[in-house]
Amino acid sequence: MAEVIASTLIEAVFQKLANEAVKQVVRAKGIHSELKKLGRTLSRIQALLNDASDKEITNEAVQVWLNDLQHLAYEIDDILDDLATEAMHNELTDQSSRASTSKIRKLIPACCTNFSLSTRLYPKIDNITNKLQDLEKEKESLGLTVKSGSLQVKDDRPKDKNRQSQTSLVDASSIVGRQSDKDVLVQKLLEDEPCNKNFSIVPIVGMGGVGKTTLAKLLYEDEQVNDRFEFKAWVCVSDEWDTFSMSNIIFQSVTGEKKEFEDLNLLQVALRDRLRNKLFLLVLDDVWTENSDDWESLVAPLKACAPGSKIIMTTRKEKLLKELGCGKLNRLQSLSHDDAMCLFAQHALGENNFDSHPRLKAPGEGIVRKCDGLPLALLALGRLLRTKEDEVEWKEIEDSEIWRLKEGGKIIPALRLSYRELPAYLKQLFAYCSLFPKDYAFDKQDLVLLWMAEGFLHQVRPSKSTVEHLGNECFNELLSRSFFQHSPNDESLFVMHDLMNDLATSVAGDFYFRLEKELGKNVRKQALDKCRHMSFVYEKYVAYKKVEVFEGAKATIDKGNKFEWLCDK
């Protein structure tokens with residue numbers, strides 16, 4: 001999917017080359033002919049991207065070619081940023097001269113007033129142009145040709161005004177094929193099972209995308225369940241187990257208070273006192289740890305709860321549950337074909353079946369079979385196809401080469417398909433979200449501002465709206481297509497399903513990098529040479545070390561309690 005980032009970058013390069021202020025600096029530097037030659041070469045390569053878009057799905061050599069092109073496009077963008085900065089400097093200097101004052105000049109950093117770009121730009125531009133020409137020559141061996149059409153921004157607004165609007169909120173009446181599972185688990189939550197502790201575990205085990213979290217939400221909001229338990233808390237766990245943070249979330253949910261605790265002991269003592277003799281329901285969503293010591297450290301305060309308290313645990317792994325004596329585990333199964341067809345039709349057509357769209361039923365059935373009954377895949381593709389009413393378009397999705405890709409099962413083909421069919425500008429915005437750690441709850445406005453700071457929204461289709469309003473529209477579109485969903489703990493915040501996070505990481509490639517505690521142990525410098533955007537995920541107390549390897553990074557995001565900008569090259 002690298003053609004999208006490359007295409008978007010190239011479009012941005014041409015926009016900057018057309019900027020009148022940049023043109024003036026280029027002429028003053030005497031590098032007009034060099035940049036014109038570079039532009040012509042880049043334009044010829046751009047014409048190959050439509051074909052490369054199709055071939056990269058199964059051709060690894062084309063993927064490498066696109067990756068190299070993307071790296072060169074970033075280098076060109078860096079050069080044009082330097083020229084744009086000098087153009088801005090010249091404009092401020094002219095204003096200062098006309099005002100007969102040096103006040104504005106004094107505000108301009110010294111690094112901006114002593115440009116010697118010409119001498120270093122000549123060889124740099126020639127070097128990039130030569131590399132672009134080398135890439136162009138490779139088109140023969142790669143079988144790339146100029147195809148009709150281009151990688152243009154699509155207008156994917158729904159054409160059928162009668163179709164139902166979509167929502168990311170869980171509506172019990174719209175959940176398909178899970179009533180019997182819910183009834184069994186509600187009964188377990190309401191009954192007083194014999195247990196040597198004051199709480200018992202109600203596990204929901206199954207593969208990724210099968211609907212474990214959705215089922216847990218149904219239980220969490222069930223009226224009978226709400227009437228039984230005095231306190232409730234929901235914790236998203238994911239890859240890294242952090243007992244202090246999880247205990248703090250539970251404390252805030254139970255008390256409604258935000259307090260600072262110096263250590264885990266003080267926090268858990270306070271939590272134990274609040275839970276003493278109270279019926280408590282805790283949801284631990286997406287548990288990956290297999291370490292029973294982690295578990296014991298978290299549940300210590302819960303031993304003071306009233307008998308009959310419950311812990312709902314959603315997980316793909318069975319080892320910890322077996323160690324905790326949960327006995328026979330019934331895995332949550334994929335949807336039946338009939339239920340899968342119903343769910344798919346709901347999101348693709350706004351109806352429960354294909355009776356009103358008989359010509360779409362055959363390709364629809366083929367797509368549903370390939371989704372293997374996974375609700376996340378059915379939902380994502382259903383929301384993609386709600387904007388397409390042509391039988392040919394549905395058939396193209398059914399017959400796509402992507403279904404035959406093998407990635408060790410990590411990326412569900414249906415999710416990759418839903419990404420591939422996004423407009424180019426949305427693909428770039430989604431790839432940027434690979435910087436977020438799994439289960440990170442983010443604010444809509446914060447993400448839109450980050451997109452704005454990167455300049456991504458200026459590359460979106462022409463619009464009379466403000467850039468910020470356009471960002472909100474893009475966010476809402478990704479939300480409606482299930483790339484984002486509301487956070488279980490706070491409906492004002494949003495999260496990505498962990499499989500969507502894996503997809504974002506996959507499509508972002510080498511140019512986005514998330515440095516996490518465990519991941520950082522085995523990071524090689526060579527893997528970071530092309531990195532342009534990086535996030536740093538750390539614990540509350542951490543010793544910073546100087547980072548020297550990110551020579552190409554344009555922006556770094558620091559994630560402790562929240563994301564913040566650290567630097568901009």
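The values are calculated or read from the model by the stated rules, or taken from the named source; none is laboratory data. Source: prediction; values computed, not measured. Using ideal geometry, Cβ is built from the backbone for each residue, glycine included, and neighbour counts are taken over all protein chains shown.
Only one residue in L447, L426 is of a type outside the set (S, T, N, Q), touching a residue at least 12 places away in the same chain (Cβ under 8 Å) and touching a Gly at 6+ places or on another chain (Cβ under 9 Å). Which one?
L447 is the lone residue from the list that is of a type outside the set (S, T, N, Q), touching a residue at least 12 places away in the same chain (Cβ under 8 Å) and touching a Gly at 6+ places or on another chain (Cβ under 9 Å).
Name the residue, out of L384, L376, that is touching a His at 6+ places or on another chain (Cβ under 7 Å) and closer than 30 Å to A6 by Cβ.
Working: L384 fails: touching a His at 6+ places or on another chain (Cβ under 7 Å).
Selected residue: L376, the only one of L384, L376 that is touching a His at 6+ places or on another chain (Cβ under 7 Å) and closer than 30 Å to A6 by Cβ.
Residues K444, K427: which one is buried (at least 18 other Cβ atoms within 10 Å of the Cβ), in contact with a Phe, Trp or Tyr (Cβ under 9 Å, 6 or more places away or on another chain) and charged (D, E, K, R)? Full working, then the answer.
Working: K444 fails: buried (at least 18 other Cβ atoms within 10 Å of the Cβ).
Only one candidate qualifies: K427.
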Residue in region 377-391 that is crowded, with 17+ Cβ neighbours inside 10 Å, within 22 Å of S336 (Cβ to Cβ), basic (K, R) and not assigned by TED's automatic domain parsing to the domain that holds I57 present: yes
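Just for helices (runs of 4 or more DSSP H) wholly inside region 1-83: which have at least 1 residues that are more than 30 Å from T93 (Cβ to Cβ) and at pLDDT below 85?
Numbers: elements: 2-17, 20-29, 32-46, 49-55.
Helices (runs of 4 or more DSSP H) meeting the threshold: 2-17, 49-55.
Can you tell me which residue within region 405-420, out of those that are part of a loop (DSSP other than H, G, I, E, B) and not charged (D, E, K, R), is surrounded by the fewest Cβ atoms within 10 Å (Cβ to Cβ)? Before the answer, list the steps.
Let us first name the residues in region 405-420 that are part of a loop (DSSP other than H, G, I, E, B), namely 405-412.
If we keep only those that are not charged (D, E, K, R) as well, we get 405, 408-409, 411-412.
Values: L405: 13, G408: 5, G409: 9, I411: 19, I412: 23.
Checking each candidate, the answer is G408.
Conditions (1) modelled with pLDDT under 90; (2) part of a loop (DSSP other than H, G, I, E, B), marked per residue:
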residue	(1), (2)
E393	no, no
E396	no, no
W403	yes, no
L422	yes, yes
F430	no, no
S434	no, no
L450	no, no
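Could you go through region 111-124 and let me know if any residue there is within 22 Å of V25 (Cα to Cα), assigned to a helix (DSSP H, G or I) and modelled with pLDDT of 85 or more.
At the first step, the residues of region 111-124 found to be within 22 Å of V25 (Cα to Cα) are 111-124.
Remaining after also requiring assigned to a helix (DSSP H, G or I): 111-113, 117-124.
When the remaining residues are screened for being modelled with pLDDT of 85 or more, the result is 123-124.
For region 111-124, residues within 22 Å of V25 (Cα to Cα), assigned to a helix (DSSP H, G or I) and modelled with pLDDT of 85 or more: present.
Kindly indicate whether K259 is out of contact with any strand residue (DSSP E or B) (no Cβ under 6 Å at 6 or more places or on another chain) and under 28 Å from M496 (Cα atoms). Can you show your working first?
On the way: out of contact with any strand residue (DSSP E or B) (no Cβ under 6 Å at 6 or more places or on another chain): yes; under 28 Å from M496 (Cα atoms): yes.
It is true that K259 is out of contact with any strand residue (DSSP E or B) (no Cβ under 6 Å at 6 or more places or on another chain) and under 28 Å from M496 (Cα atoms).
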Residue in region 267-275 that is at pLDDT 95 or above, acidic (D, E) and crowded, with 16+ Cβ neighbours inside 10 Å present: no
Selection within region 209-239 - of a type outside the set (S, T, Y), over 17 Å from L279 (Cβ atoms) and in contact with a Lys or Arg (Cβ under 6 Å, 6 or more places away or on another chain): L215, L218, D239
Residue match in region 360-372 (condition: assigned by TED's automatic domain parsing to the domain that holds I402, farther than 20 Å from E421 by Cβ and part of a helix (DSSP H, G or I)): yes
Boolean, D227 is touching a residue at least 12 places away in the same chain (Cβ under 8 Å), in a helix (DSSP H, G or I) and surrounded by fewer than 20 Cβ atoms within 10 Å (Cβ to Cβ): no
Tally, over region 302-324, of residues that are touching a residue at least 60 places away in the same chain (Cβ under 8 Å) and surrounded by 15 or more Cβ atoms within 10 Å (Cβ to Cβ): 15
Selected residue (only one of E75, E56, E34 is in contact (Cβ under 8 Å) with a residue 40 or more places away in the chain, within 26 Å of G143 (Cβ to Cβ) and among the acidic types (D, E)): E56
Residue that is nearest to the chain's Cα centre (by Cα), among those in region 51-77 that are buried (at least 18 other Cβ atoms within 10 Å of the Cβ) and among the small types (G, A, S): S53
Pairs with Cβ under 7 Å, 6+ apart, first in region 393-405 and outside the structural domain of V507 (by TED's automatic domain parsing), second surrounded by fewer than 16 Cβ atoms within 10 Å (Cβ to Cβ) and not in a helix (DSSP H, G or I): E401/T58
Test: residue in region 286-294 that is closer than 18 Å to F199 by Cβ, of a type in the set (A, V, I, L, M) and touching a Cys at 6+ places or on another chain (Cβ under 6 Å): no
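Looking at the structure I just gave you, is A216 in the same structural domain as V287 (by TED's automatic domain parsing), part of a helix (DSSP H, G or I) and touching a strand residue (DSSP E or B) at 6+ places or on another chain (Cβ under 8 Å)? Reasoning before the result, please.
Details: in the same structural domain as V287 (by TED's automatic domain parsing): yes; part of a helix (DSSP H, G or I): yes; touching a strand residue (DSSP E or B) at 6+ places or on another chain (Cβ under 8 Å): yes.
Against the criterion (in the same structural domain as V287 (by TED's automatic domain parsing), part of a helix (DSSP H, G or I) and touching a strand residue (DSSP E or B) at 6+ places or on another chain (Cβ under 8 Å)), A216 qualifies.
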One residue from F494, F475 being assigned to a strand (DSSP E or B) and farther than 18 Å from R316 by Cβ: F494
Residue match in region 241-264 (condition: within 25 Å of the chain's Cα centre (by Cα), at pLDDT 95 or above and crowded, with 22+ Cβ neighbours inside 10 Å): no
